[in-house]
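Structure first, commentary second.
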Amino acid sequence: MSHSVVTIGSHSSLQILHGAKKEGFGTVAVLPKGREEFYSQFQFIDKVLGYKDEDEAVELINSIDNGILIPHGSLVEYIGSERVKSLRIPIFGNRNLFEHEADQRKKMALLKAAGIRIPEQFERPEDVDRLVIVKLPGAKGGKGYFVSNDRNYIKSKLQEYIEKKIIKSVDDVIIQEYVVGVPMYFQFFNSVMLNRVELTGIDIRYETNVDGLRRLPSRFTGSYEPTFVVVGNLPAVARESLLPKAYNYAKSFVKAVEKIVPPGMIGPFCLESVVTDEGEIVVFEFSGRIVAGTNLYIDGSPYMWFYWDEPMSVGRRIAREIKLAIGRNELDRVTT
Amino acid sequence: MSHSVVTIGSHSSLQILHGAKKEGFGTVAVLPKGREEFYSQFQFIDKVLGYKDEDEAVELINSIDNGILIPHGSLVEYIGSERVKSLRIPIFGNRNLFEHEADQRKKMALLKAAGIRIPEQFERPEDVDRLVIVKLPGAKGGKGYFVSNDRNYIKSKLQEYIEKKIIKSVDDVIIQEYVVGVPMYFQFFNSVMLNRVELTGIDIRYETNVDGLRRLPSRFTGSYEPTFVVVGNLPAVARESLLPKAYNYAKSFVKAVEKIVPPGMIGPFCLESVVTDEGEIVVFEFSGRIVAGTNLYIDGSPYMWFYWDEPMSVGRRIAREIKLAIGRNELDRVTT
Amino acid sequence: MSHSVVTIGSHSSLQILHGAKKEGFGTVAVLPKGREEFYSQFQFIDKVLGYKDEDEAVELINSIDNGILIPHGSLVEYIGSERVKSLRIPIFGNRNLFEHEADQRKKMALLKAAGIRIPEQFERPEDVDRLVIVKLPGAKGGKGYFVSNDRNYIKSKLQEYIEKKIIKSVDDVIIQEYVVGVPMYFQFFNSVMLNRVELTGIDIRYETNVDGLRRLPSRFTGSYEPTFVVVGNLPAVARESLLPKAYNYAKSFVKAVEKIVPPGMIGPFCLESVVTDEGEIVVFEFSGRIVAGTNLYIDGSPYMWFYWDEPMSVGRRIAREIKLAIGRNELDRVTT
């Protein structure tokens, strides 16, 4: 096959390139200089290209013959949203979604438009009347997030962020009701080629230090501020009766994206949720591309085995979708 | 093959029907109207039949030609124990075990008869002298359970449950010592056909909100009551030196059931345990049928690979057992 | 093939023997009398030999024709370090590493020599100026470990251990800074035959009672002392950007062992780490042989699928390495 799958060497790139190779594509990892050795050890990666700065990254990506770029959660973070827009290479999925992802308010509006239950939002620290989590813009893996029920604390913390130039103004953050329940991340794949939505897996984020602090007796934890930096993922399955609910949300979301962000949802997405003890699924965020939680399921997730009688990671699923599109001469339906 | 495997579309039905199809059976999902779309997307399900009420469910189940019903944790919950008794279709496993499962006292008595270590039980709130967990009857996934070491609190909470008609009397609940340790659910399969007990896997229940609360700093958790509603499962393996112990318990349990609840244990069961820091396995509950924790292992659990050189879920294992029985013309030995 | 793989029936022996059988070896489990029934059920084990005491264990191991012993975390614990030294059978891996593993100070010195970031250490209780974890010598699975920030408490607790003859002197324990973050155990395999280091998987230890206590509201936990006894393992994957860092650590470690403990690292090892919210990997311990966390990945870990296009447990990987060595007539390069 004459096409090559390209991605930035980070996030879920091993999975993406491993899957692409299984589907017969050429594979290219573009990454910051210094990581070449690690990536070069994998035989399913044809080319490992190190870059010294973001501009060189763009150049390298654009230079791949017949390349198709697979975006993931680190793409914008690594080369910047403006440079992503300027890429001349086809990008798998809907690149118009990136700005919705980067903006917490647009993000939540899209979920709301889909009729999905989301947490209460508070415009200003002054409005807070319950426990909230304050989230920073961009996909920095939870860095800087904090939990509080104290208006003054929130105000002063945001003031501090402004002074440190972490944010420009209070409008940059989202102040979201902290829904008590358990986190559960429902991963889906909207197949334009097969005209269906697949439930590809479920994961839980593994966050430092909050998932470590809970191992300490509470008499020791007082002096530590909880942080929510995602450093890994844990596998899980959901009670089966939750699945039709989650699936309906996924279908509604696909419809909403089609309407609001044309050409709509293409490929993987994730509804990041909390499940309450009333059995409610509350979605507090979404990802409009492959999430790192799919890295758990290189040989197939419990759910993927129900759709496919072969080992099917989401990385491979993406490559399969592209292969189907190429076979029908419809690559433009799965790229933007 | 002319037999069809039937189950209620919930709990572990995807796994059961997926496994049945792999073993060559026809497959039927019977489920409450509204869930048809979700289940219809899976090609391994031949028929998806929606019912409007429990009586129609019974009718649909009874109408399946050459059908064999696989019971799971939601069967009694969905159609009621009386209707289950009235089913004319063969049920895989021992249907006499259902009432033991529904009655917390009979449940614990059966474990005790097997010589398995169980938590201390308290007949009345007045007797409580340590931390206990109070459990409601039936398999409602932990809903209404609570933890306390305060006799008065327990009394008033039970009084509240009686007033709200959640229970009839204090005798309906079980007041069980809360054993401190880590939960570990040992899943087994008693094969009548191969005359052996297989360790099929281990899981941990994922419970809301208790598994979420622990992510909150303790200064925020004071105002939330912990709840124990099971909304998913997490995979685990045990220290290998624990396995012979757990396995001996499983064998003793099979013997006890054979004696007390004829014709004995057939197929999957689970010993829900806490492992203490002395390396003791304390079993606080059992399930006499497939548990939802097996949903993790559609492509085989770490332990199933030791018994079978092919991907073997418990759902598939059930179908394999039935196939073996049919081949020997002994279907009556694995159904009741 | 005329060689047999032998191991003590515990820890990761099922995986080791299962993998050995897949690679064509004879397989022998040597174990304390009483466990024979459990191990005998597995068809991939050719011989199950029960011993009544440690001397008989040594005799049995030495008696295996063409046997190769695979050491694991329970070997020294079960038969004692002196007896291990006296074994005449080839041992896979570097047996000179055992004493480094048994001595917490040598252990940390080796990591330090590799340039790996380790927690601060305190020579005496009097020096402690922050939260620390106090660890006992030997691989007892965390038994007796405790957390404290109080010099007097540490002193009196150690005094108690000395009186109870759990330790001989304060010098036997290691007093290590308790690094706040999340635990992550990076498993590697140094292949002498393929001249490369493989990342074989990641796990998290499941510890009683500390992982259970956190499920209790803090108002109930006050009366329980947290303990850290490992009774199982949980699977995880890491944020991909952490992998090159962990991999560099692994390579440095291999180099350090080569220099300090000839003939160097052979086969599996593990860097037991905490990941902080600054994205730092702090290694607080290492294992110089197969760890029990690999028991999760009998059918291959997410990472092993990247190296091997077949199900590859670490047990099987060991057998593959031996097979490669035998094929090249270089068995002495992978055994000591």
Label-to-label distances across copies for A:Asn152, with labels 7 Å out along Cα→Cβ, in nm, shortest first?
-> 3.5, 3.5
Work out which helices of chain B, taken as complete DSSP H runs, extend at least 15 Å along their axis over the Cα atoms and score a mean Kyte-Doolittle of -0.5 or more, then list them.
-> B:243-260, B:314-327
If unit charges are put on Cβ atoms (+1 for Lys and Arg, -1 for Asp and Glu) and the dipole of the range C:121-177 is taken about its Cα centre, the option from C:Gly142, C:Ser156, C:Val170 lying farthest towards the positive end turns out to be C:Gly142
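If you average 1/r across every pair of different Cα atoms in the range B:121-177 and take the reciprocal, what Kirkwood value do you get, in Å?
Values: mean 1/r = 0.0895 Å⁻¹.
Result for the range B:121-177 stands at 11.2 Å.
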How many partner chain Cβ atoms sit within 10 Å of a residue's Cβ in peptide B:241-252, on average, as a whole number?
-> 4
Please label the shape of the range B:161-237 as rounded, prolate or oblate, based on the square roots a ≥ b ≥ c of the eigenvalues of the alpha-carbon gyration tensor (a/c under 1.5 means rounded; beyond that, a/b larger than b/c means prolate, else oblate).
-> oblate
Would you mind counting up the charge near C:Pro71? Only other residues with Cβ under 9 Å from its Cβ, with Lys and Arg at +1 and Asp and Glu at -1.
-> +2
Identify all aspartates and glutamates with a Cα-Cα distance to A:Lys47 below 20 Å; exclude those on the same chain that are fewer than 8 residues away in sequence.
-> A:Glu23, A:Glu36, A:Glu37, A:Asp55, A:Glu56, A:Glu59, A:Asp65, C:Glu198, C:Glu240, C:Asp309
For the protein assembly as shown, alpha-carbon Rg and Dmax in angstrom = 28.1, 79
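Are there chymotrypsin sites (Phe, Trp or Tyr not before Pro) in the range C:267-322 that DSSP puts in a loop and that have at most 16 other Cβ atoms within 10 Å, and which ones?
Working: sites: C:Phe269, C:Phe284, C:Phe286, C:Tyr297, C:Tyr303, C:Trp305, C:Phe306, C:Tyr307, C:Trp308; in loops: C:Tyr303, C:Trp308.
Passing both the DSSP loop test and the Cβ count: C:Trp308.
What range in chain C is the longest one free of trypsin sites (Lys or Arg not before Pro) that are in a loop by DSSP and have at most 13 other Cβ atoms within 10 angstrom? Mind showing how you got there, number by number?
Values: sites that count: C:Lys33, C:Lys52, C:Arg88, C:Arg130, C:Lys164, C:Lys165, C:Lys168, C:Arg328.
Result for the longest clean stretch: C:169-327.
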GluC sites (Glu not before Pro), restricted to the range C:260-319: which are DSSP loop and have at most 14 other Cβ atoms within 10 Å?
-> C:Glu278
With one decimal in nm and the nearest listed first, the spacings from A:Gln43 to its own position in the other copies, using label points 7 Å along Cα-to-Cβ, are 3.0, 3.0
Say a label goes 7 Å from Cα toward Cβ at B:Lys112 in every copy; what distances in nm does this one have to the rest, shortest first?
-> 5.7, 5.7
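Is there a simple number for the mean count of other chain Cβ atoms within 10 Å of the Cβ of residues in A:40-48, and what is it? All intermediate terms of the calculation are to be shown ahead of the outcome.
Details: counts 0, 7, 2, 3, 4, 1, 0, 0, 0.
For this peptide, the per-residue mean of nearby foreign Cβ atoms is 2.
Which of the GluC sites (Glu not before Pro) found in the range B:90-170 are loop residues per DSSP with 16 or fewer other Cβ atoms within 10 Å of their Cβ? Can you show the working numbers first?
Values: sites: B:Glu99, B:Glu101, B:Glu120, B:Glu123, B:Glu126, B:Glu160, B:Glu163; in loops: B:Glu120, B:Glu123.
Taking the range B:90-170 and a limit of 16 other Cβ atoms within 10 Å, the loop GluC sites (Glu not before Pro) found are B:Glu120, B:Glu123.
Can you tell me what share of the DSSP beta bridges in the protein assembly as shown is antiparallel? A percent to the nearest 5 is fine.
Values: 123 of 168 bridges.
Within the protein assembly as shown, antiparallel bridges account for around 75 percent of the total.
For A:Val6, C:Val254, what's the fewest-to-most ordering of other Cβ within 10 Å of each Cβ? Spell out each step's value before the answer.
Details: A:Val6 31, C:Val254 18.
Ordered by Cβ neighbours within 10 Å, fewest first: C:Val254, A:Val6.
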Which whole-angstrom value gives the distance between the alpha carbon centres of the range B:116-158 and the range B:13-61?
-> 37 Å
Search the structure for amide H atoms under 5 Å from the amide H of C:Ser313, placed 1.01 Å from N in the peptide plane, and list their residues when 5 or more places away or on another chain.
-> C:Gly300
In chain C, if every C-alpha pair distance is counted and binned at 10 Å from zero, what percent goes to each bin?
-> 5, 25, 34, 24, 10, 1, 0
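Can you give the mean number of other chain Cβ atoms that lie within 10 Å of the Cβ atoms in peptide B:126-132?
On the way: counts 0, 0, 0, 0, 1, 5, 0.
For peptide B:126-132, the averaged partner shielding equals 1.
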Listed residue pairs exceeding 28 Å between alpha carbons, taken from A:Lys135/C:Lys135; A:Lys255/B:Lys33; A:Lys21/B:Lys21; B:Lys112/C:Lys33; C:Lys85/C:Lys168; B:Lys112/C:Lys165 | A:Lys135/C:Lys135; A:Lys21/B:Lys21; B:Lys112/C:Lys165
Given H placed on each backbone N at 1.01 Å, which residues far from B:Met184 in sequence or on other chains put an amide H within less than 5 Å of it?
-> B:Ser273, B:Val274, B:Val275
If you put +1 on each Lys and Arg Cβ and -1 on each Asp and Glu Cβ, how big is the dipole of the protein assembly as shown around its Cα centre, in Debye rounded to 20?
-> 440 debye
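Since every read-out is calculated from the coordinates, none of them should be taken as a lab result. From a predicted model like this one, the values you see are computed outputs, not experimental measurements. Reconstructed Cβ throughout: ideal geometry from the backbone, glycine too, with neighbour counts over all protein chains shown.
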